[in-house]
Amino acid sequence: MMKGSSRVTENIIKTLIWAAALSVLTVLVVIIAYILIRGLPVISWQFLTEIPRNMGRSGGISSTIVGTLMVTLVAIVIATPFGIGTAFYLAEYTRRDSMVTRVIRFSAESLAGIPSIVYGLFGFIFFVKYLGMGWSVLSGGLTLAIMILPTIIRTSEEAILAVPNLYREVSYSLGGTKWQTIVKTVLPSAIRGIANGVILSVGRCVAETAAVVLTAGSALRMTTSLTSPTRTMAVHFYILASEAISFENAYGTAALLIILIFLINVVANTLINRFIAKGR
C-alpha cells in the first residue's frame, strides 16, 4: 500500500515538473516566434547597412550594430581576465573558509544582485562625469564590465571546483608546479564551464539597456572611436518602442538582436568544442 502511494506521488511530481518545463518552453517559443514573425520581414540589406535616419523612423541600424559589438567587446575584454583570475585565486590559492575568500565571494554575490540601473547611475557619475569620459563606448564598456564581473567569477569558480582533485594530485606527483597544474590540467578541464559564463555575460551585454543608455549615450551616427557616443541595438529598440517612433523598425531590431545572440552562442560553443577536441 505504501509503495503504491509513493509511486502515485512520484508520478504526480514528475507530471508537475514536466508541465512546468513545458510551460516555460512554450512561453519562450511564443515570444521568440511572435518577434521573429513581426521582425524578419523588416530585415533587409538596406536595413543592415544604412544608418538610422529621422530619429529611427527610416534608414537602417548599421550604427547600432557596430555600437553593440564595440561596447560588448570592451566589456568582455576587460571583465574576462579579471573574472577568471579572481576565480582561480578563490579556488586554487585560498582556503574556502578563509576571511578573504568569504569577503570576495560575498562581494561578488552582492554585486550580482544590484539592478542594472544602479550600475548605470554609477557609470554615469564615475566614468562619464568624474573621469570626464563623457557618453562613450569606453564608459559603457567599463560599466558593463563591472556588471558582468560577478557572473564570470561565480561560473568560473564553480567550473574550477568541479575539476576532480585527482587531476591536481597526478600533476603534482609528476613534478608539476602550482602554475603548471593550473594551466595544463585545471584550465583545460574547466574551460567549458568558464566559457559558458563568458557567453552568458556576452548575452547580457548585448541585451542591456538601462546601464548603457546612461553611459554610452544614444547617438545615431556611426561610432568612430572608443571615446565616441553610440547607441546599442537594445537601446535603439527600447527608444523606438517606448516613444512610438516606429514599431516596424523596433520589431526588426528585436528580431536581429535575437538572431545575433543565437549566432554568438552557436559560434562560441562550436569554437569551444573544437578547442576541447583538439586538446584531447
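The values are calculated or read from the model by the stated rules, or taken from the named source; none is laboratory data. Everything numeric here is computed off the predicted structure, so don't read it as measured data. Reconstructed Cβ throughout: ideal geometry from the backbone, glycine too, with neighbour counts over all protein chains shown. Only protein heavy atoms, including side chains, enter the accessible area calculation; ligands, DNA and RNA are left aside. Shrake-Rupley method; radii C 1.70, N 1.55, O 1.52, S 1.80 Å.
Can you give me the C-alpha center-to-center distance between the stretch 162-218 and the stretch 42-66, rounded to a whole angstrom?
36
Output ³J(HN,Hα) for the stretch 224-230: one whole-Hz value per residue in order, computed from phi by the Karplus curve 6.51 cos²θ - 1.76 cosθ + 1.60 with θ = phi - 60°, and x for Gly and Pro.
Those phi angles translate into 10, 7, 5, 9, 8, x, 8 Hz.
What do you get for the angle between helix 62-88 and the principal long axis of the chain? Use alpha-carbon atoms, 0 to 90 degrees, nearest ten.
Roughly 20 degrees, rounded to the nearest 10.
What list of ³J(HN,Hα) couplings, whole Hz, do you get for the stretch 50-58 from phi and the Karplus terms 6.51, -1.76, 1.60, once you set θ to phi - 60° and write x for glycine and proline?
Rounded to whole hertz, the list is 9, 7, x, 10, 6, 6, x, 6, 9.
Under a crude label model (7 Å from the Cα following the beta-carbon direction), how far is TYR130 from LEU161 in nanometres?
That separation, rounded to one decimal, is 3.2 nm.
Given contacts defined as C-alpha pairs under 8 Å and at least six residues apart, what's the relative contact order of the chain, whole-number percent?
27
How many Å² of accessible area per residue for the chain, probe 1.4 Å?
56
What's the carbon and sulfur percent of the chain's accessible surface, probe 1.4 angstrom, rounded to a whole number?
Answer for the chain is 70 percent, counting heavy atoms of protein chains only.
Which loop-located trypsin sites (Lys or Arg not before Pro) does the stretch 90-124 contain, where loop means any DSSP state but H, G, I, E or B and the Cβ has at most 14 other Cβ atoms within 10 Å?
ARG95, ARG96
Which residues' amide hydrogens lie under 5 Å from the amide hydrogen of GLY59, considering only partners 5 or more residues apart or on another chain, with H built in the peptide plane?
Excluding prolines and chain starts, which carry no amide H, the hits are ARG53.
How about the stretch 114-176: which GluC sites (Glu not before Pro) there are in a DSSP loop, with at most 16 other Cβ atoms within 10 Å of their Cβ?
For GluC sites (Glu not before Pro) across the stretch 114-176 that sit outside H, G, I, E and B with at most 16 neighbouring Cβ atoms in 10 Å, the list is empty.
Please list 3J(HN,Hα) in residue order for the stretch 139-150, calculated via the Karplus relation 6.51 cos²θ - 1.76 cosθ + 1.60 where θ = phi - 60°; whole Hz, with x for glycine and proline.
4, x, x, 5, 5, 5, 4, 5, 5, 8, 4, x
In deg cm²/dmol and to the nearest 500, what is the mean residue ellipticity at 222 nm of the chain if only DSSP H runs of at least 4 residues count, each as -39500 (n - 2.57), divided by the residue total?
When only DSSP H runs of four or more count, the value is -23500 deg cm²/dmol.
Would you please report the Å³ per residue occupied by the convex hull of the alpha carbon atoms in the chain?
In the chain, the Cα convex hull volume per residue is 202 Å³.
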